[in-house]
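Comments concern the structure below.
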Amino acid sequence: MRTISVINFMKHLVSIIFLLTISLNVLANDLKKDLHASQKGNHQKALYLHNKAIKHKNAMTRVGLRIKYKKGKGLKKNNKKAYQPFHTVAKLKDNVVANDLEEGLHATQTGDYQKALPLLIEAAKQKNSIAHVVLGLMYKNGKGVIQNHKEAYQHFQTAADLNDADGQFNLAQMYELGLGTHQDEKEALNWYQQSALHDYADAQLKLGLIYKKGQGVEQDYKLAKKWFLSAALQGDPDAQFMLGLAFLNGQGVEKDLINAAAWLNLAVNNGSNEAVQELDNINKQLTEQQRQTAKDLSHKCATSSYTNC
């Protein structure tokens with residue numbers, strides 16, 4: 001349904017700088033949810049989670065806050081706070097490579113890969129997983145470098161070994177497609193699972209599709225529904241669409257047109273074009289009261305930041 005392009009990845013990548021060097025599982029989980037909330041446009045939820053994380057005084061959370069002030073995402077724009085001297089962040093011990101990384105990421109966003117490449121290489125030398133992921137995407141897509149799938153694979157492998165969910169997801173894709181390495185469905189499944197267990201929504205969606213189709217595994221609608229739900233609760237519209245279809249067809253869950261409409265409502269509101277026609281078809285089968293019930297369910301889910309679904 002969807003692949004991660006280098007353009008889309010770079011578009012949101014600055015938002016995840018503050019995910020670096022986190023050792024506390026609770027903190028990491030909040031920051032990952034912050035990232036996904038930012039990606040889906042739910043900046044108030046992202047800010048709430050971000051403020052929880054910033055109490056730990058992690059350098060990268062400060063970088064993330066600068067970005068929020070700069071873009072006015074969940075906060076009123078404040079250029080003074082956005083462009084405060086970076087050395088106030090760089091002084092922290094857990095932020096040795098942050099300056100090179102931030103400059104490199106900004107350079108990729110503006111298309112200046114010539115400037116970005118040495119900065120990202122320097123960050124990667126310090127075992128920075130995000131730098132390895134970005135370099136992997138550059139080599140995979142031939143952005144600023146000669147396309148080299150083997151080099152891309154090596155960067156993704158390094159990031160994956162550093163327990164980076166993005167790296168694990170991209171490594172899984174390389175194994176699935178046989179890019180830079182041998183094609184191996186079992187290895188692809190393993191890395192998709194590793195990424196999904198870190199609450200990476202794209203990996204959860206992918207696992208849902210794998211089990212729904214029985215792609216290299218025994219078809220299992222219940223497992224498919226489980227992974228679709230995990231991604232849907234992070235605001236992923238494609239997963240919400242697939243979950244709506246699961247309720248519509250009774251696959252892995254009892255058939256329920258009201259719940260199907262509720263999830264499809266969420267998918268449509270989050271930008272899924274595929275869900276529009278399906279929702280229209282279901283609404284024709286529901287009474288006005290049932291349609292309103294479905295809307296109420298989706299509204300309650302969305303306004304609770306997916307904690308009451």
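The values are calculated or read from the model by the stated rules, or taken from the named source; none is laboratory data. Just so it is clear, the structure is predicted and the values come from calculations on it, not from any experiment. Cβ placement follows ideal geometry from the backbone for every residue including glycine, while neighbour counts extend to all protein chains displayed.
So for segment 161-171 (the condition being surrounded by fewer than 24 Cβ atoms within 10 Å (Cβ to Cβ) and either β-branched (Val, Ile, Thr) or out of contact with any Ser or Thr (no Cβ under 8 Å at 6 or more places or on another chain) (or both)), does at least one residue qualify? Yes, some residue in segment 161-171 is surrounded by fewer than 24 Cβ atoms within 10 Å (Cβ to Cβ) and either β-branched (Val, Ile, Thr) or out of contact with any Ser or Thr (no Cβ under 8 Å at 6 or more places or on another chain) (or both). Of the residues making up segment 187-213, those that are surrounded by fewer than 21 Cβ atoms within 10 Å (Cβ to Cβ) and at pLDDT below 95 are His198, Asp199.
Would you mind stating whether Tyr139 is touching a Gly at 6+ places or on another chain (Cβ under 8 Å) and more than 21 Å from Trp227 (Cβ to Cβ)? No, not satisfied.
Of the helices (runs of 4 or more DSSP H) that lie entirely inside segment 105-201, those containing 2 or more residues that are outside the structural domain of Pro237 (by TED's automatic domain parsing), closer than 27 Å to Leu223 by Cα and out of contact with any strand residue (DSSP E or B) (no Cβ under 6 Å at 6 or more places or on another chain) span 149-161, 165-177, 185-196.
In this entry, Asp238 is excluded by the filter for residues that are more than 19 Å from the chain's Cα centre (by Cα) and either modelled with pLDDT of 95 or more or among the basic types (Lys, Arg) (or both). Residue count for segment 206-221 satisfying the condition of being touching a helix residue (DSSP H, G or I) at 6+ places or on another chain (Cβ under 8 Å), part of a helix (DSSP H, G or I) and under 13 Å from Ala246 (Cα atoms): 5.
When segment 252-296 is limited to residues that are acidic (Asp, Glu) and farther than 22 Å from Tyr211 by Cα, the one that is surrounded by the fewest Cβ atoms within 10 Å (Cβ to Cβ) turns out to be Glu288. The criterion of being under 18 Å from Gln290 (Cβ atoms), assigned to a helix (DSSP H, G or I) and not assigned by TED's automatic domain parsing to the domain that holds Glu187 holds for Leu264.
Does Ala224 qualify as being in contact with a helix residue (DSSP H, G or I) (Cβ under 7 Å, 6 or more places away or on another chain), assigned by TED's automatic domain parsing to the domain that holds Gly250 and of a type outside the set (Phe, Trp, Tyr)? Spelling it out, Ala224 is indeed in contact with a helix residue (DSSP H, G or I) (Cβ under 7 Å, 6 or more places away or on another chain), assigned by TED's automatic domain parsing to the domain that holds Gly250 and of a type outside the set (Phe, Trp, Tyr).
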